[in-house]
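Presented below is the structure to which this report refers.
Quick note: the coordinates plus some simple rules give every number you see, no bench work behind them. These figures come from a predicted structure and were not determined experimentally. Heads up, the Cβs are rebuilt from the backbone with ideal geometry, glycines too, and the neighbour counts pull from every protein chain shown.
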Amino acid sequence: MERLLLAIETSCDETAAAVFDLKPRLEQAGSLLRSEVVSSQVKAHEPYGGVVPELASREHIRNLPLVIEQALGLAHCSMDDVAVVAATRGPGLNGCLLVGLGYAKGLAFASGAALIPVNHLEAHLFASFLMERSLQPLFPCLALLVSGGHTSLVLWSSEAEFQTIASTRDDAAGEAFDKVASLLGFPYPGGPALAAAADEWGERPCGFSFPIGMPDDSSAFSFSGFKTAVLRTVQEVGSLTGGKRGEIAAAVQEGVTDALLKKIEDALAQHGVRSILLTGGVAANRRIRQRVQDCAESRGLRFCAPKPKWCTDNAAMVGAAGLAAYQREPEVYDNWSKSNTQFRLGPYAPFDLSAFPRWSLGEAINENS
Ligand code: KG4
Ligand code: ZN
């Protein structure tokens, strides 16, 4: 029998599972990864122009058993080999989290495996440990997490120490990309299509520019004013023919990039760090990636970014966060036993815990509240 970790992710519209060899070696997470499967629900939500929570939960119920079975099959193993199940507990859509966490609890209970509840934001950061050693974060690290649901700038001081320096007051960066893309007539989710149009426009001079939200507040991002400014421009321009769409897309991409860079620079002026990490779905954006990398390298800091498939929601990142938890106290999990009351009544009471839809990075949960 082998000793494996099964990771499960269902916080939004991706149903995902991954299998790792269970070793207290976070920095080897990439080579411990045996298999991973991601089933996207984009097609199911497309007609509604955004994620419909109830529909997402139902899709997870339907897909999760198949995705797990496929991941175990690709790793040539079965639940008998799984010693630890790591599952996303929050933040995310409550119904979606309940599906994944409930399934994980059931699997752990039935198989005798231990359960590690994972913070989804932490997981996005730990995705960086799936990369080879020379590309992994050096602490302290300044981490920018930009996705469809989150925009956070985090001071990641050591493996288990997170301090959110800035977060969004309204839309997330990816959400802003998607909403503006929709104004420009790109189908949902429009972020990547908008980015492609902007890249096609390239370095040509651009006749539009859009304001950075909250320029003087280093603790807040804001994209709502930006979105309104684009809407006004689209209305004024009227017809988006003759390259106008690409030109506006280029200005949007530059504006969002400027907004992100401004907060990174503010943070660097206040905190000494050794690396900058860019992660989350928006980290797939070529221009943003390039400018954050230039910003890091011009200061002699290591630039880290997971592969695009590990930037968007996936279970490998949940597994990496699970390996980090395992590495902190392996004896707890190595001595795990279903009959051990410590795990039912103490801090490791996995079968009592519920989903935590609003869970900030580094926030301790009071299980009794
Ligand atoms: O991390 P993710 O897969 O899901 C969330 O947790 O939200 O991020 C998806 C977001 C979407 O808003 C999508 O439009 C955006 O990432 N995105 C991009 C690009 N690729 C994905 N935004 C801008 N440029 C891209 N190339
Ligand atoms: Zn995410």
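Checking a compactness column here: for the chain, what do you get for Rg(Cα) / (2.2 N^0.38 Å), N being the number of residues? Can you show the working numbers first?
Working: Rg = 21.0 Å, N = 369, 2.2 N^0.38 = 20.8 Å.
Against the compact-globule rule of thumb, the ratio is 1.01.
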Please compute P(r) over all alpha-carbon pairs of segment 142-286, binned at 10 Å starting from zero, and give each bin as a whole-number percent.
-> 12, 42, 31, 12, 2, 0
About the Cα centre of segment 3-144, how large is the charge dipole given +1 on each Lys and Arg Cβ and -1 on each Asp and Glu Cβ? Please answer in debye to the nearest 20.
-> 240
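Let me check I've understood the local charge: for residue 75, count other residues with C-beta under 14 angstrom from its C-beta, Lys and Arg +1, Asp and Glu -1. What total comes out?
Numbers: positive: 3, 34; negative: 2, 21, 36, 69, 80, 81.
So the environment of residue 75 carries a net charge of -4.
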Using Cα centres only, tell me the gap between segment 10-33 and segment 121-135 in whole Å.
-> 11
Partner lysines whose C-alpha sits under 23 Å from that of residue 179, ignoring same-chain residues fewer than 8 away, are 43, 227, 244, 262, 263, 309
State the extension gain, in nm to one decimal, for the chain segment bounded by residue 352 and residue 217, taking 0.36 nm per residue of separation less the distance between their alpha-carbons.
-> 44.6 nm
Which value, in debye to the nearest 20, gives the size of the charge dipole of the chain about its Cα centre, when Lys and Arg are +1 and Asp and Glu are -1 at the Cβ?
-> 260
For residue 237 and residue 331, what is the calculated FRET efficiency with R₀ set at 41 Å and r taken between the beta-carbons, to the nearest 0.05?
-> 0.05
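Seen from all sides and averaged, what is the projected area of the convex hull of the Cα atoms in segment 165-220, in nm²?
Values: hull surface 19.5 nm².
Taking the Cα atoms of segment 165-220, their convex hull projects to 4.9 nm² on average.
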Fewest to most neighbouring Cβ within 10 Å: what's the order for 333, 48, 103?
-> 48, 103, 333
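Count charges around residue 313 for me, please; just the other residues with Cβ under 13 Å from its Cβ, Lys/Arg as +1, Asp/Glu as -1.
Details: positive: 309; negative: 9, 13, 14, 36.
Taking every Cβ under 13 Å from that of residue 313, the sum is -3.
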For segment 32-170, just the Cα atoms, rotate onto the principal axes and tell me the three extents in Å, largest first.
-> 39, 39, 24
Mind jotting down the distance between the C-alpha centroids of segment 273-289 and segment 188-230, whole Å?
-> 16
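Which whole-number percent gives the relative contact order of the chain, counting Cα pairs below 8 Å spaced six or more residues apart? Walk me through the intermediate numbers first.
On the way: 764 pairs, mean separation 89.4, N = 369.
Relative contact order here is 24 percent.
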Sum -39500 (n - 2.57) across every DSSP H segment of at least 4 residues in the chain, then divide by the residue count to get the 222 nm mean residue ellipticity, nearest 500.
-> -13000 deg cm²/dmol
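Just add up the charged neighbours of residue 55: K/R +1, D/E -1, any other residue whose Cβ is under 12 Å from the Cβ of residue 55. Can you show the working numbers first?
Values: positive: 43, 58, 62; negative: 13, 46, 54, 59.
Residues close to residue 55 contribute a combined charge of -1.
Among 109, 177, what is the fewest-to-most ranking by other Cβ atoms within 10 Å?
Details: 109 14, 177 30.
Neighbour counts put them in this order, fewest first: 109, 177.
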